[in-house]
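Structure first, commentary second.
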Amino acid sequence: MLEIKNLHARVNPEEGADLAILKGVDLTVPAGEVHAVMGPNGCGKSTLSYVLAGHEGYETTDGAIRFEGEDIGELEPEERAARGLFLSFQYPVEIPGVPTLTFLKEAANAQRRARGEAEISAPDFMKLARENAAKLGISNDMLKRPVNVGFSGGEKKRMEIFQALMLAPRFLILDETDSGLDIDALKVVAEGVNALRNPERGMLVITHYQRLLDHLKPDVVHVMAGGRIVESGGPELAHKLEAEGYDKYAGEAA
Ligand code: ADP
Ligand code: MG
Ligand code: MG
């Protein structure tokens, strides 16, 4: 479903740096599977998710990203979203003055228009919102508040999963940054991802947290070091990393 071949990327020179970060990433995620990416700080995990999203701060210098057989490497972020790629950090920003549901309905309809589909009606959207909010224990009050404004870490995570449920993406990429998630937030993410699992959907979960993977039970765990995937295995690989650390991959980073 998602096929990344020999992907090289650098910080866009216009950003004031000329720095190669991804140095030949090979990664394939079939439909129906959840893959985790772990790796030491600074190895390029977040950069990989930005490049998959089409973030303008990064430039692809070699390799390809194919999504359902189509080369999406040159597409705008909105075009990727319209094809069903969901990047968790696309919407974590606070948007004062814009109620969460208004924002999400606009995002959902923008994607539908881009696909040439009819827009979702307000009553249908509200019905879906109530169902999904109930699943995640999100109150009406939270939905009325402006996007992410004043949310706790756990609430932001809950909203992130809610956004994913509402947009029902074909493929989900979650970048769990190293900013401390409490146990409650980890559980929300894990339960949300498990609720979103289905045979047609693929997921890539980037994380530092072995504990998250205990709840998630990914099909495959990949280790990233020095801008490449250097090892892949089953869930047991995450436990090995927890016990042994990333030292053995230090040569890869050099
Ligand atoms: P990770 O998510 O694995 O911790 P990142 O992808 O955030 O790693 O960063 C990889 C490396 O690239 C780090 O050394 C980081 O400092 C550098 N980097 C990422 N983005 C930029 C940028 N916009 N400008 C300069 N350096 C960057
Ligand atoms: Mg980091
Ligand atoms: Mg990161």
Net lengthening on full extension, residue 3/residue 106 (0.36 nm per residue, minus Cα-Cα)
34.1 nm
What are the principal axis extents of the Cα atoms in the stretch 129-254, in Å, biggest first?
50, 33, 22
Paired Rg and Dmax values of the stretch 214-254, which use every Cα atom, in angstrom:
10.6, 33
What base-10 log of the normalised intensity I(q)/I(0) is obtained for the stretch 119-180 from the Debye formula, alpha carbons as equal point scatterers, at q = 0.20, 0.22, 0.28 Å⁻¹?
-0.86, -1.01, -1.34
Candidates 161, 21, 183: whichever shows maximal mean-square fluctuation once the chain is modelled as a Gaussian network with Cα springs under 10 Å:
183
Can you compute the modelled spin-label distance between residue 126 and residue 183, with each label point 7 Å from Cα toward Cβ, in nm?
3.9 nm
Let me confirm the definition first: pairs of Lys residues in the chain, 8 or more apart or on different chains, C-alpha distance under 16 Å. How many are there?
16
Using a simple charge model, +1 on the beta-carbon of Lys and Arg, -1 on the beta-carbon of Asp and Glu, nothing else, what dipole does the stretch 45-136 show about its Cα centre, in debye to the nearest 20?
580 debye
Would you list the P(r) distribution for the stretch 1-123, with all Cα-Cα distances sorted into 5 Å bins from 0 and each bin expressed as a whole %?
2, 9, 17, 20, 19, 14, 10, 6, 2, 0
Assuming R0 = 30 Å, can you tell me the calculated FRET efficiency for the pair residue 141 and residue 200, based on Cβ-Cβ distance, to the nearest 0.05?
0.35
Residues residue 215 and residue 113, FRET efficiency given R0 of 30 Å [Cβ-Cβ distance, rounded to 0.05]:
0.25
Kirkwood-Stokes translational diffusion coefficient of the stretch 145-190, alpha-carbon pairs, 4 °C, 1.567 mPa s, µm²/s:
114 µm²/s
Could you give the dipole magnitude of the chain about its Cα centre, charging the beta-carbon of Lys and Arg +1 and that of Asp and Glu -1, in debye to the nearest 20?
820 debye
Can you give the extra length, in nm with one decimal, that the chain gains between residue 19 and residue 242 once fully stretched, where that is 0.36 nm per residue apart less the Cα-Cα distance?
77.3 nm
Computed over the stretch 21-65, the distribution of all Cα-Cα distances in 10 Å bins, rounded to whole %, is 22, 56, 22, 0
Here the Kirkwood hydrodynamic radius of the chain, Cα-based and in Å, equals 18.8 Å
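Rule-based calculations on the coordinates, nothing more; no lab input. Remember, predicted model here, so these are calculated numbers, not experimental data. Every residue, glycine among them, receives a Cβ derived from its backbone with ideal geometry; neighbour counts consider all protein chains shown.
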